Amino acid sequence: MKDRIILHIDANNFYASVECSLNPNLKDKAVAVSGNPLIRNGIILAKNQIAKKMGVKTGDAIWQAKEKCPDLVCLPPNMKLYLEYSKQLKNIYKKYTHLVEPFGIDECWIDITQTAHLFGGAEKIANDIRQEVKDKLKITVSIGISFCKLFAKLGSDLKKPDAVTIIPKENFREMIYPLPITAIIGIGGRMEKKLNKLNVFTLGDFVEIPGYILNQKFSIVFKELRKKLLGFDCSPVASSLVVDIPKSVGNGTTTIRDIFSQSEITSTVLFLSDKICGRLREQNLLANCISVSIKDCNLQSEHHSRVIPFATNCTADMVKFVMQLINSFWKYNEKIRAIRISARNLSTDQETQLSFFQPIQDKKNSLNQTLDYLRKKYGKQIIQSANLLATPFLRENFFDCGE
Ligand SMILES: [Mg+2]
């Protein structure tokens with residue numbers, strides 16, 4: 001089997017770089033993104049190169065950082081902005097392969113084994129990515145190229161900012177083994193001291209630890225790490241085409257007054273199911289299981305869940321299944337203060353097999369699609385079920401929170 005070609009791409013000083021790219025006035029200043037600067041115990045989350053040179057470290061308290069660098073400009077984090085940049089970075093990488101696996105917000109592995117020859121080889125791709133990121137986003141990345149994920153990641157740390165490092169199979173030992181053990185994520189503090197006691201200071205020392213000592217004193221994770229450091233890291237780069245499916249989608253509401261009757265409960269279930277199923281359809285997801293939590297007026301909660309006969313994102317089906325579940329345990333002898341419903345065991349609508357028990361869904365689906373279309377175009381309130389018109393306990397005051 002031919003060697004893999006993996007790049008690890010790390011955006012340098014990500015949060016601070018994004019801030020500086022958008023505000024040219026910050027270009028020659030020491031800049032840090034920190035917790036709320038008005039709170040004296042906020043900490044530094046990221047800093048630019050100038051602040052770094054002045055000794056500012058991630059994790060410093062703001063007052064500590066300002067002692068080292070009195071002119072430090074501290075900015076509050078803007079996660080929405082960083083997520084947008086993160087997405088744009090990934091879009092650049094995806095031009096070369098669908099195998100793009102994020103690691104945090106500012107790092108990605110990409111596997112270009114099958115595609116490198118189409119774009120002039122690994123080093124050219126790395127330099128093209130580096131240049132495109134600089135031109136388009138005005139930030140820099142450092143890139144490691146190697147035959148496995150671990151060495152590609154170590155490579156992106158070796159030279160930065162704005163650099164490419166190749167760690168070839170022929171001489172990875174010379175490049176990797178002199179590095180301190182703390183070059184590996186997760187080895188620091190107490191673990192470092194423990195290893196130092198065994199005379200282990202570098203990654204080269206680490207691979208020399210005899211197997212029986214590794215077994216006695218360390219977890220299985222270290223055995224795996226040693227194998228990887230010997231050059232046997234086979235972990236694949238995940239595909240960006242595999243959709244990350246959420247664990248559940250749910251909504252709950254505390255009614256303005258306690259509710260009691262079956263019709264009030266049904267209306268509340270309809271109100272919540274409509275929201276949940278709308279969110280499921282938006283993400284092309286289907287629920288295979290439902291759960292219900294009911295909190296009574298004494299704040300006692302009861303929670304039940306059930307696998308449903310067929311996967312669905314249809315509001316009418318959801319209401320039917322949830323009401324069947326509620327009727328199976330609720331005695332209607334207690335006033336209700338809050339209800340929460342969750343759709344669980346989610347699957348994508350492509351991967352879900354049609355169930356033998358599933359009724360023909362065409363009519364319901366086209367109704368749901370029409371509702372979704374109208375709400376998207378004219379707003380969520382444009383159309384709703386007539387059952388919800390006489391529900392002051394829901395309409396006047398509710399709070400709902402999604403999962
Ligand atoms: Mg970074």
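No value in this document is a laboratory result; all are computed from the given coordinates. For clarity, every value in this text was computed on a predicted model and none was experimentally measured. We place every Cβ from the backbone using ideal geometry, glycine too, and count neighbours over all the protein chains shown.
Numbers for the structure displayed
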item	result
Among 131-138, 172-179, 100-107, the order from most to least packed when residues are scored by Cβ within 10 Å on average	100-107, 172-179, 131-138
Extension gain (nm, one decimal) between THR266 and MET191, 0.36 nm per residue minus Cα-Cα	21.4 nm
Angle in degrees between helix 262-282 and the longest Cα principal axis of the chain, rounded to the nearest 10	30 degrees
Extension gain (nm, one decimal) between ARG306 and THR115, 0.36 nm per residue minus Cα-Cα	64.2 nm
Gaussian network model of the chain, springs between alpha carbon atoms under 10 Å - residue of LYS247, LYS90, LYS153 with greatest fluctuation	LYS247
Distance between segment 263-323 and segment 139-186 - C-alpha centres, whole angstrom	49 Å
Helix 315-329 axis, angle to the chain major axis (alpha carbon atoms, nearest 10°)	80 degrees
Two-site FRET efficiency, SER219 against SER293, from Cβ-Cβ distance with R₀ of 41 Å, rounded to 0.05	0.65
Potential lengthening between LYS27 and GLU84 on full extension [0.36 nm per residue; Cα-Cα distance subtracted]	18.4 nm
Nearest 10 degrees, 0 to 90: helix 122-137 Cα axis against the chain principal axis	60 degrees
Cβ-Cβ FRET estimate between GLU67 and GLU282, R0 fixed at 45 Å, reported to 0.05	0.35
